[in-house]
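J.: My questions will all concern the structure given below.
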Amino acid sequence: MAVLLIGIDDTDNQSSRGTGWLARRVSEECAKRDMRPLGVTRHQFLVHPAIPYTSHNSGACVALDLQDGPESAEFAFDFVARQSADGSDPGVCLATASDVPDYVVEFAHLATKQVVTMDEAYALAQRASIALRGLGGTCQGVIGALGAVGLRASGNDGRFIDLPGLRELQGCVDVAAFDRIGVGLEYCGRRGADGERRVCNLLHTQVCSACAKTEVCTPAWVRPRLVGGKAVLPLEWCERKNAWIPVDRKQGRPNR
């Protein structure tokens, strides 16, 4: 399956909804256009005084099952330009995952650790024949847009802020429900009677006899990690609830 990636960054201002919210709107619009969404991931970049950002300096990447060629998603440039907040500096990157070269992935990882420039981003995108556009303001968002595509293409960075079926998982949920939407479960262990931590590190419904529990108690919104190109939700044992709970958990639901 060919996967199309749409990287988005710097679309907000201090009073608007964030880039993650807009990325989810792009994913919804793609679904309306008969493209199959594969999830939206959030990617964290370096927070540094030399880098202008609105709140957390994170970008987002929309992944799609590519059916009709990358041109089918080019509407995203105009869509993001129209929906971006006043005073923002949006950028959008469009690339097929298999066409993202190692040097773009390396640039993306660098952006998580050090200051990188717009000139570098544009030069690498041109070298890789990747569509990268600044859509307003200073166009600073091209850095995070290219970075989000590179990190998503690496398969081992970011957290899912949207995935078909993910938001329906509330309360105590049978592990089979996660498997149905393609989320692997990683059991990080529980403490035994002697206080030592028991580590299983098993995926999906493979639970060792010491951790035989078939339900996961979720908060209002769970965010699986991107690991090995797949959505994986690490779990830890909660003695108070006598159940597995997500290691990464956010209690409030995001603004729609």
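The values are calculated or read from the model by the stated rules, or taken from the named source; none is laboratory data. None of the values given here were measured: they were computed from a predicted structure. Cβ sites come from the backbone with ideal geometry, for glycine too, and all protein chains shown count toward neighbours.
J.: Given V105, V80, V92, which one is surrounded by 21 or more Cβ atoms within 10 Å (Cβ to Cβ), in contact with a helix residue (DSSP H, G or I) (Cβ under 7 Å, 6 or more places away or on another chain) and assigned to a helix (DSSP H, G or I)?
T.: When all the criteria are applied, what remains is V80.
J.: Still on this model: Can you pull out every residue in the range 157-183 that is out of contact with any Cys (no Cβ under 9 Å at 6 or more places or on another chain), surrounded by 15 or more Cβ atoms within 10 Å (Cβ to Cβ) and modelled with pLDDT of 90 or more?
T.: Within the range 157-183, D157, R159, F160, I161, D162, L163, I181, G182, V183 meet the criteria.
J.: A further question on this structure: Mind checking which residues of the range 217-238 are closer than 12 Å to T41 by Cα and buried (at least 19 other Cβ atoms within 10 Å of the Cβ)? Steps first, please.
T.: Residues of the range 217-238 that are closer than 12 Å to T41 by Cα, as a first pass: 223-227, 229-231.
Across the range 217-238, the qualifying residues are R223, P224, R225, L226, A231.
J.: If you scan the range 164-186, which residues turn out to be assigned to a loop (DSSP other than H, G, I, E, B) and out of contact with any Ser or Thr (no Cβ under 8 Å at 6 or more places or on another chain)?
T.: P164, G165, I181, G182
J.: For the range 50-77, give me each residue that is surrounded by 21 or more Cβ atoms within 10 Å (Cβ to Cβ) and over 17 Å from the mean Cα position of the chain (by Cα).
T.: Within the range 50-77, A73, A76 meet the criteria.
J.: Could you tell me whether G87 is at positive phi, assigned by TED's automatic domain parsing to the domain that holds A50 and not charged (D, E, K, R)?
T.: Judged against the criteria, G87 is a match.
J.: Moving to a separate point now. Residues being surrounded by fewer than 19 Cβ atoms within 10 Å (Cβ to Cβ) and outside any helix (DSSP H, G or I): count how many of those fall in the range 7-28.
T.: Summing the residues that are surrounded by fewer than 19 Cβ atoms within 10 Å (Cβ to Cβ) and outside any helix (DSSP H, G or I) in the range 7-28 gives 5.
J.: Test L151 against the stated conditions and say whether it is assigned to a strand (DSSP E or B), closer than 23 Å to G228 by Cβ and in contact with a strand residue (DSSP E or B) (Cβ under 9 Å, 6 or more places away or on another chain).
T.: So L151 fails the test.
J.: Among the residues of the range 19-44, count how many are of a type in the set (K, R) and out of contact with any strand residue (DSSP E or B) (no Cβ under 8 Å at 6 or more places or on another chain).
T.: The qualifying residues number 3.
J.: I need the full set of residues from the range 35-45 which are in contact with a Ser or Thr (Cβ under 6 Å, 6 or more places away or on another chain) and part of a loop (DSSP other than H, G, I, E, B), in order please.
T.: Answer for the range 35-45, where residues must be in contact with a Ser or Thr (Cβ under 6 Å, 6 or more places away or on another chain) and part of a loop (DSSP other than H, G, I, E, B): just F45.
J.: Another one. Looking at the structure I just gave you, is A31 free of Cβ contacts under 8 Å to residues at least 24 places away in the same chain and either over 21 Å from V227 (Cβ atoms) or surrounded by fewer than 18 Cβ atoms within 10 Å (Cβ to Cβ) (or both)?
T.: Here the answer is yes, as A31 does meet what is asked.
J.: Would you please list the contacts, defined by Cβ atoms under 7 Å and residues six or more apart or on different chains, that run from a residue in the range 212-228 that is over 18 Å from S154 (Cβ atoms) to a residue that is modelled with pLDDT of 80 or more and of a type in the set (S, T, Y)?
T.: none
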